[in-house]
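The values are calculated or read from the model by the stated rules, or taken from the named source; none is laboratory data. Treat the numbers as computed from the prediction; the structure is a model and nothing was measured. When we count neighbours, we look across all protein chains shown, and the Cβ atoms used for this are built from the backbone with ideal geometry, even at glycine. With ligands, DNA and RNA removed, areas are computed over all heavy atoms of the protein, side chains included. Shrake-Rupley method; radii C 1.70, N 1.55, O 1.52, S 1.80 Å.
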2 protein chains.
Amino acid sequence: MDAAFAIASQTQSPVAGGLPKAQDMTRHLNRMAKHREASALKELYKYMTVPGMSNTVSFTIPKYGPNPRDPAAIQLSTSLQYQPATGPPALPLFLREFVAKVFKPAYADWDVLINVGATDGWSKICGMLLEIGDAILVEEWTYPGAENTFIPYETERVPIKMDGQGLLPEHLENVLGGWDESERGKKRPRVLYTIPTGQNPTGATMMADRKKAIYEVCQKYDVVICEDEPYYCLYTGEWTPKGSESDMSILAQRKQKAEKKDGPDGNQAFLDALPPSFLAFDTDGRVIRMDTFSKTSAPGSRLGWITTSPIFIERLTRATEASTQAPSGFATALTTRMIQQWGFDGYIRWLRGIKATYNMRKTWLCDTFQDVFHLEFDSGNDLFPERSRTVTCYSKQTKSLWDEKRGLRGPALITFIPPTAGMFVFLGIHFSEHPDYYDLLRRGEDATFILTKKLWEMLADNLVLFAPGWGFDAGGEHAIGGKGYGYYRLAFSVASYEEIRDGIYRFSQVLDKFFRI
Amino acid sequence: MDAAFAIASQTQSPVAGGLPKAQDMTRHLNRMAKHREASALKELYKYMTVPGMSNTVSFTIPKYGPNPRDPAAIQLSTSLQYQPATGPPALPLFLREFVAKVFKPAYADWDVLINVGATDGWSKICGMLLEIGDAILVEEWTYPGAENTFIPYETERVPIKMDGQGLLPEHLENVLGGWDESERGKKRPRVLYTIPTGQNPTGATMMADRKKAIYEVCQKYDVVICEDEPYYCLYTGEWTPKGSESDMSILAQRKQKAEKKDGPDGNQAFLDALPPSFLAFDTDGRVIRMDTFSKTSAPGSRLGWITTSPIFIERLTRATEASTQAPSGFATALTTRMIQQWGFDGYIRWLRGIKATYNMRKTWLCDTFQDVFHLEFDSGNDLFPERSRTVTCYSKQTKSLWDEKRGLRGPALITFIPPTAGMFVFLGIHFSEHPDYYDLLRRGEDATFILTKKLWEMLADNLVLFAPGWGFDAGGEHAIGGKGYGYYRLAFSVASYEEIRDGIYRFSQVLDKFFRI
């Protein structure tokens, strides 16, 4: 193993690198029967295979199809020719069905527009909505790839505080309500960029109530909500710590059982478990949603789509004509034919398989944390203002000091939100507990920065590669850590069971050594 | 036949709609043996078939190749995964060989960057070079698709006069030398957009001397030359009117003969016949060249590349990361493997086949003009200031008036430059010869506009569809025709021999009726 978590390859696709082959599955199942992950693997195997069907989908795309006027027709003679910027009719045809059934927009005349991936979509949205020097609302931790797109517009980022459920509507209200244009020398922001599901890097997911509250603030101040949802179909729900399965509510157990069913009932239970899209509350047409095939079929396909109101679709179509034009006909023809082969239900079945894969990997990761650290649940601290959903980790090497009755224990080392979607866990490390922390401060040094860098290097020397958190810091205030916390992002998207366990074990050993425990 | 020339489908690709199938070729050859086009068809047929080889290139792209570290390796496991913005190494590897051998840049450290087609490339170049409100130098007739990309930057177009060889360096010098920043309220333009080969819409091609003169003016005023070369490999050379073959110079005849050879000698003769790229004169690194696979393999592939200095390549790579990222892995994998299968010489052979196709269609078109109109060569008039390379058409219905000895003839109807490359012929119609022209002027009407629109409608009613010239008018001065000329662009890219002849015959009949001849 070269690295337990590789930054460069954190978002591998299930097609290109992810889902185990069917023939390897039985071997896996036997080898891992002793772990509780075996049930997840069984579940995954179920979605990956259709009785009596080959595991490989095969199809041929003709040069001339039998009925070229059929809007669902896919043929090379049109796919490889110039096309309108909206691409071949067959793909939007499927996407409209998907959006209607899955995202359920609150108004009737929404439409979709395909693009060459969500980054391209976001680039066109920025071109449409931003003037030079505008301010833009972002989560306090956000995806630097999205920032790279708007920074050339000399855009000022306005970070909004988060908790374990993402953006805080109260802080959004404070920022917008308190905006003084003459004092700031800038118009009040009119654009919000958010990753509602499996937020990158925090792993937080906004559920219905949170989204509703944010939508209302955006209505009040006329803000356009740009929701970037690469991880939406990778929503896995809460992690249930080992030994607490029986604590689950009857409703949660019933839902989990319903989702294990095959066929339409199981598909419906999968769809019902997804968080509602901002589109479902969008009575004004102020939401622009970005989706991508990168996380569900292949990142290399460079294919995604935007769902929004016709007024935005029209402008974005013009922008598409003057830049990328329609996505590659190779990508649209192959992806569309694959989905047509499956049909809507087959595509949902495929997404359930992906969910099972990511849920399995997330469970492996969180379970390993439970195995190698002492965990305290819902402990909350000023890393995450809301107490719920957080987990704080203590070293097991401090076991001699650990005495629950007397309340004695070693220092808190890590706090994180167990991810509910996506591919990432975001760790806050309590560097203020490090023996050198206050010495460094006294010497006028940036203690948190120094310790974050030092630990990252020690981990890298031990072949554990984390993404340092400062790259995701939208406001820059976390990088210079006044409160003594440092951050790293871990990806569990491609690692095997053995790699994850090995990596986290090694991480805990390095951590003990680093904190001199 | 629905329309002799369809605007919507003027630039069909050879793969998707163009080259005749091998099995149809013999039939064609027999049927057309009486036309001089038969020799062109024979030539084409030669390039399309390799003795002992199937006409179809077949290959398989493996999920994992035998040697993934080979820079020329193409495998799905990397093509369908996230890739650097520069794409798979194998494609730039080939393109660097192609650029070095075909464009021969005048400096050593140039590089290439792939993109999702020339429009995408141009969009990124505009983002890199233009500030809001800048002025940009363009040909007086230009491609509106390129304008759509920079118009949102509130860019002011500065049209430069053209002749049958494209941009006039003297006018470029006048405009730049006479630029008064305080008077214009704008900085002197620093960017020139040009289509040097088979210019869209005029069909003009700049040869070496013209390019050298323009490059010197751009050096003097520090202008970046952006050369958009979709039609470069579609350079066909001059049209030889029927009956004038024996007038060709010995040198020209020798060149034509050399190009008919198969193998490396013929390939080299093809390359030697191409106009030199601006890159070949670029001692400063001020040229940004755009190329595309749209016109040589398939427009639907959405694949192209930029060749320029490393300073521009670096900035464009950053822009690519923040927008499209690498082109679709489906497009790069399939295109690269196809080219690898052929090798450099095989790709040049393919391009020779395309040249033969377009040359054939161009000859059909020009020959048909010669059949249905009286032609006068190098007649020159104020439509095109340089007398050479122009052809003026008179109606054959005025034959009774035609008496060369007495110098009597009917009115001049059309002047055009026989195209030397590309897919277009640009016609200037002498509306000042129309019986109503002066009446309309006296009534204060825009006579040229009215007559251009009326003729277009009459042609459309007769299923002949031209693109009106005003869409290509960069300065707006040609649309309000003070001199009494109106313009249309014809495409000969996809039409068959019968369609071209039928369309032009019908055009001449409508013209006679319209001019009341």
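Scan segment A:126-135 for residues that are open to solvent by less than 10 Å² (accessible area, probe 1.4 Å) and either closer than 19 Å to A:K295 by Cβ or more than 12 Å from chain B (Cβ to nearest Cβ) (or both) and jot them down.
Within segment A:126-135, A:A135 is the sole residue that qualifies.
Go through the residues of segment B:238-256 one by one and say whether even a single one is surrounded by 19 or more Cβ atoms within 10 Å (Cβ to Cβ) and closer than 21 Å to B:P144 by Cβ.
The answer is no, given that none of the residues of segment B:238-256 is surrounded by 19 or more Cβ atoms within 10 Å (Cβ to Cβ) and closer than 21 Å to B:P144 by Cβ.
Could you list, ordered by first residue, the pairs with Cβ atoms under 9 Å in which the first is in segment A:360-374 and closer than 9 Å to A:W239 by Cβ and open to solvent by 10 Å² or more (accessible area, probe 1.4 Å) and the second is hydrophobic (A, V, I, L, M, F, W, C) and assigned to a helix (DSSP H, G or I), at least 6 apart or interchain?
A:T363/A:A40
If you go through segment B:93-111, how many residues are open to solvent by 10 Å² or more (accessible area, probe 1.4 Å) and in contact (Cβ under 8 Å) with a residue 24 or more places away in the chain?
Filtering segment B:93-111 for residues open to solvent by 10 Å² or more (accessible area, probe 1.4 Å) gives B:93-94, B:96-97, B:100-102, B:104-111.
Within this subset, residues satisfying the condition of being in contact (Cβ under 8 Å) with a residue 24 or more places away in the chain are B:94, B:97, B:101-102, B:104-107, B:109-111.
Going through segment B:93-111 one residue at a time, the tally reaches 11.
Open to solvent by less than 20 Å² (accessible area, probe 1.4 Å), away from chain B (no Cβ under 14 Å) and in contact with a Lys or Arg (Cβ under 8 Å, 6 or more places away or on another chain): does that describe A:I160?
no
Where in segment A:407-515 are there helices (runs of 4 or more DSSP H), lying wholly inside it, with at least 1 residues that are among the small types (G, A, S)?
Where helices (runs of 4 or more DSSP H) fall fully within segment A:407-515 and carry at least 1 residues being among the small types (G, A, S), they are A:447-461, A:497-514.
Scan segment B:465-478 and give yes if some residue there is charged (D, E, K, R), modelled with pLDDT under 95 and over 25 Å from the mean Cα position of the chain (by Cα), otherwise no. Write out each step before concluding.
Going residue by residue through segment B:465-478, those that are charged (D, E, K, R) are B:473, B:477.
When the remaining residues are screened for being modelled with pLDDT under 95, the result is B:473, B:477.
Still in the running and over 25 Å from the mean Cα position of the chain (by Cα): none.
So far as segment B:465-478 goes, no, none of its residues is charged (D, E, K, R), modelled with pLDDT under 95 and over 25 Å from the mean Cα position of the chain (by Cα).
Looking only at segment B:333-346, which residues are closer than 25 Å to B:L271 by Cβ and within 14 Å of chain A (Cβ to nearest Cβ)?
Correct list: B:T335, B:T336, B:R337, B:M338.
Determine, yes or no, whether B:A85 is assigned to a loop (DSSP other than H, G, I, E, B), within 14 Å of chain A (Cβ to nearest Cβ) and of a type in the set (A, V, I, L, M). Steps first, please.
Values: assigned to a loop (DSSP other than H, G, I, E, B): yes; within 14 Å of chain A (Cβ to nearest Cβ): yes; of a type in the set (A, V, I, L, M): yes.
For B:A85, the condition - assigned to a loop (DSSP other than H, G, I, E, B), within 14 Å of chain A (Cβ to nearest Cβ) and of a type in the set (A, V, I, L, M) - is met.
Tell me which residues, restricted to segment A:316-334, are over 15 Å from A:T78 (Cβ atoms) and open to solvent by less than 10 Å² (accessible area, probe 1.4 Å).
Selection gives A:L316, A:T320, A:T324.
Filter segment B:297-315 for residues that are within 14 Å of chain A (Cβ to nearest Cβ), in a helix (DSSP H, G or I) and surrounded by 22 or more Cβ atoms within 10 Å (Cβ to Cβ) and give the result.
B:P299, B:G300, B:S301
Identify, from the list A:A460, A:A421, A:A491, A:A412, the residue that is out of contact with any helix residue (DSSP H, G or I) (no Cβ under 7 Å at 6 or more places or on another chain) and either modelled with pLDDT under 90 or crowded, with 22+ Cβ neighbours inside 10 Å (or both).
One residue alone meets the criteria, A:A491.
Out of (1) at pLDDT 95 or above; (2) assigned to a helix (DSSP H, G or I), what's the single condition that is false for A:P327?
(2)
Name the residues in segment B:257-279 that are open to solvent by 40 Å² or more (accessible area, probe 1.4 Å) and in a helix (DSSP H, G or I), would you?
B:K257, B:P264, B:D265, B:Q268, B:D272
Being within 12 Å of chain A (Cβ to nearest Cβ) and either open to solvent by less than 10 Å² (accessible area, probe 1.4 Å) or free of Cβ contacts under 8 Å to residues at least 24 places away in the same chain (or both) is the filter here; which residues of segment B:282-296 pass it?
B:F293, B:S294 - these are the residues of segment B:282-296 that are within 12 Å of chain A (Cβ to nearest Cβ) and either open to solvent by less than 10 Å² (accessible area, probe 1.4 Å) or free of Cβ contacts under 8 Å to residues at least 24 places away in the same chain (or both).
Any residue that is assigned to a strand (DSSP E or B), within 13 Å of chain A (Cβ to nearest Cβ) and within 25 Å of A:A85 (Cβ to Cβ) - is there at least one of those in segment B:111-123?
yes
Confirm whether B:T194 is farther than 29 Å from A:K124 by Cβ and more than 14 Å from chain A (Cβ to nearest Cβ).
no
Which one of the conditions (1) part of a loop (DSSP other than H, G, I, E, B); (2) free of Cβ contacts under 8 Å to residues at least 60 places away in the same chain; (3) within 25 Å of the chain's Cα centre (by Cα) does A:G237 fail to meet, given that it meets all the rest?
Among (1) part of a loop (DSSP other than H, G, I, E, B); (2) free of Cβ contacts under 8 Å to residues at least 60 places away in the same chain; (3) within 25 Å of the chain's Cα centre (by Cα), the lone unmet condition for A:G237 is (2).
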